[in-house]
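Heads up: the structure comes next, in structure tokens.
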Amino acid sequence: MRWPKGCEFSDFHDFGTVFPPSLGYSTEDMDPYGGGDEVGLYWPIGQEKRQPLVVRTFHETFELAPFFSSYQRYLRWMKKTQSDDLPMSPDEKLDPDSPEVLYNQGLSLIKAKDVPKALEIWQQALDRLPEFTLVSSLLAKHHRRLKNLDLAREFALKSLISPPSFGRFDASLLKWLGRQTSPPEAYAENPLWLSRRKLQWGYRGKKNDYEIVQEAIDCFLETGQPVLGVTLMQTYSEFMYRETDSTKKRWKFDSQEWTQHQDEMCVKYLKSSRWPGGRKK
């Protein structure tokens, strides 16, 4: 992975300190804002050769939130403010490319009834962070309202595949997908589309989708869609992280083994390890 200028791996922890374990995330060796929340670096899946985002963690909800668009802009903010208080979002003048700033701009545009511009802004956020589950859910819902049904189905499936650490999937979209009969053009053979009426998409329930998810991961990797495959592997890992011990045992899930396997697929299909500092042995 590409580290920011002036930033060394030795200054950061391995991924194992984050919850749930997320490949491509590394946190500073400090807890500068108290309460257990942290600031760290995150490389979006498929963008390992680009500069990472700066994200923050919310330890009570097991979430990651995009924060600054680059480490340099984060340092610039730190130098400018010299504050011990961490804002919920960067100043848009200081970091107009932050996915969090773009997300909030979209919400403001929706309130101002400028839906086309909001969708454009949210797409920019998704371009920088493709697994931004919250934004892909919003795009799906608003395209559905505008009767852009092919796009709505596509974004709903993207949101389904994306990990819950970047926002919970909107369950109403799954019910809506189950009523759809025409597949999105770009996802006609998507295994989750084909199984949409069987999905529960949750954890700790009487039923789960883990067999379908495992089959979908294999399908994505085998059909030249590695970013979707690796993303769904992360989603599967996060679901299992929250599962009961008995469910983990039933599905023979070991977090360390799965993460190792996930990174092997990253090296094989994305041509880059997502372990901070290089691939584990």
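Readers should treat all values here as calculations from the given coordinates under stated rules, not as data from a laboratory. A quick note: this is a predicted structure, and the numbers were derived from the prediction, not measured. Ideal geometry is used to build each Cβ from the backbone, glycine not excepted, and the neighbour counts take in all protein chains shown.
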Which whole-number percent gives the relative contact order of region 42-176, counting Cα pairs below 8 Å spaced six or more residues apart? 19 percent
Cα gyration tensor shape for region 160-281, rounded if a/c is under 1.5, else prolate or oblate: oblate
With unit charges on the beta carbons (Lys and Arg positive, Asp and Glu negative) and the dipole taken about the Cα centre of region 71-223, which residue among TRP201, ALA188, PHE132 sits farthest to the positive side? TRP201
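Could you tell me the relative contact order of region 153-281? Use alpha-carbon pairs under 8 Å, at least six residues apart, and round to a whole percent.
The value is 21 percent.
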Using 13 Å as the cut-off for backbone N distance, which residues of region 184-221 belong to the label zone defined by a point 7 Å from the Cα of SER246 along Cα→Cβ? 204-207
Per the C-alpha gyration tensor (a ≥ b ≥ c, the square roots of its eigenvalues), region 86-221 is rounded if a/c is under 1.5, else prolate if a/b beats b/c, else oblate; here it's prolate
Mind grabbing the base-10 log of I(q)/I(0) for region 117-193 at q = 0.12, 0.13, 0.23 Å⁻¹? Debye formula, identical points on the C-alpha positions, no solvent, two decimal places. -0.28, -0.33, -1.06
